[in-house]
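One structure below.
Please treat every number below as a calculation from the coordinates, not as lab data. Just so it is clear, the structure is predicted and the values come from calculations on it, not from any experiment. As a convention, Cβ positions derive from the backbone with ideal geometry for all residues, glycine included, and neighbour counts pool all protein chains shown.
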Amino acid sequence: MKRWIVVFLMLAVGAAWAADSQPAKAKAGEGKAGKAKAGKAKSAEAKAGEAAEGKEAKKPELGFSDTPMLPGQKWHVHDVARPQPPVVAPGTCSTQEAPGKAPSDAVVLFDGKDLSKWEMDKGGPAQWKVENGYVEAVPKLGGIRSKETFGDCQLHIEWLVPEGTQGQSQGRGNSGVFLMGLYEIQVLDSYNNPTYADGGAGAIYGQWPPLVNPCRPQGQWQTYDVVWIAPRFDGEKLVSPARETLFFNGVVVHHDDVLNGPTAHKKALPYKPQPPTGPIALQAHGNPVRYRNIWVRPLKGHDEP
Ligand code: MG
């Protein structure tokens with residue numbers, strides 16, 4: 001009996017050893033793979049370390065000073081000494097439901113809350129109606145203008161003609177955005193509303209019709225994104241006229257168009273010397289047009305801080 005027990009125990013131990021030996025082999029294999037992986041990881045780490053040491057030893061080339069001079073500029077091609085552009089956090093786009101955010105370096109003239117940065121054209125606090133995140137023209141009170149003045153600039157402004165606005169031609173949803181207080185971009189309900197070509201929405205009023213008419217219907221927000229180059233004067237003399245680029249609802253409608261002078265109704269006015277900056281002004285023209293999300297970025301030249 002004892003002998004049988006001994007045999008049984010020997011067999012059991014043998015089976016246990018055999019069962020354990022397979023994983024052991026596998027583990028040994030894993031060990032090899034693991035070692036291989038570790039080896040690779042180590043070599044990658046070592047490489048990274050070597051690269052880092054290399055970087056420390058030699059900084060990457062950011063530019064050159066032995067390249068040709070750029071014609072008309074004081075810089076070499078890829079000039080290592082050329083100033084870096086200032087960093088700006090971009091804004092966000094608006095939707096019909098909500099206005100977007102202005103870029104980080106913009107002067108926000110109206111963020112939906114109050115008209116503290118505006119005054120009446122005739123002076124005194126701006127009294128247009130502010131509600132629901134927009135400002136609405138109160139025509140009988142007259143126009144409003146920004147207290148701060150601007151020359152060359154990027155302007156973003158959104159406008160809406162309320163649903164149900166009646167009238168035809170110039171009498172339907174008429175307002176206007178004036179650069180430097182003198183140069184009007186027409187605001188009008190130009191959706192299925194013919195008028196003279198240089199007086200529709202997006203026109204440089206009385207001078208240049210928009211290239212196309214991308215106007216949305218009443219009750220929808222519309223956007224103007226303007227690049228404005230102010231006129232230059234040397235004393236009484238005009239050195240260079242104003243120039244304007246306009247994206248209307250994201251569609252280019254003016255591309256570097258040159259203005260003849262201040263815009264006017266049934267007149268072609270010549271330039272008169274004026275200060276280098278002027279206000280952004282909004283026209284009261286008999287219709288309760290709404291505005292929101294108004295911001296300006298004064299523009300400098302290249303390489304200026
Ligand atoms: Mg107008």
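Some points to look at:
- Ordering of 210-220, 135-145 by packing [mean C-beta count within 10 Å, highest first]: 135-145, 210-220
- At R0 = 35 Å, FRET efficiency that the Cβ-Cβ distance of residue 212 and residue 240 yields, to 0.05: 0.80
- On full extension, the segment bounded by residue 252 and residue 80 gains 58.4 nm, given 0.36 nm per residue less the C-alpha separation.
- Ordering of 236-244, 113-121 by packing [mean C-beta count within 10 Å, highest first]: 113-121, 236-244
- Protection proxy ranking, peptides 274-286, 248-260, average beta carbon neighbours within 10 Å, highest first: 274-286, 248-260
- Cα centroid separation, the range 126-151 to the range 218-296: 17 Å.
- Long pairs among 117/266; 101/129; 129/272; 147/267; 113/140; 122/266, criterion Cα-Cα beyond 26 Å: 117/266; 129/272; 147/267
- Surrounding net charge for residue 76, when Lys and Arg each add one and Asp and Glu each subtract one, Cβ distance under 10 Å: 0
- On the basis of the beta-carbon distance and an R0 of 45 Å, residue 269 and residue 58 show a calculated FRET efficiency of 0.10.
- q = 0.10, 0.19 Å⁻¹: log10 I(q)/I(0) that the Debye formula gives for the range 107-298, counting C-alpha atoms only: -0.36, -1.40
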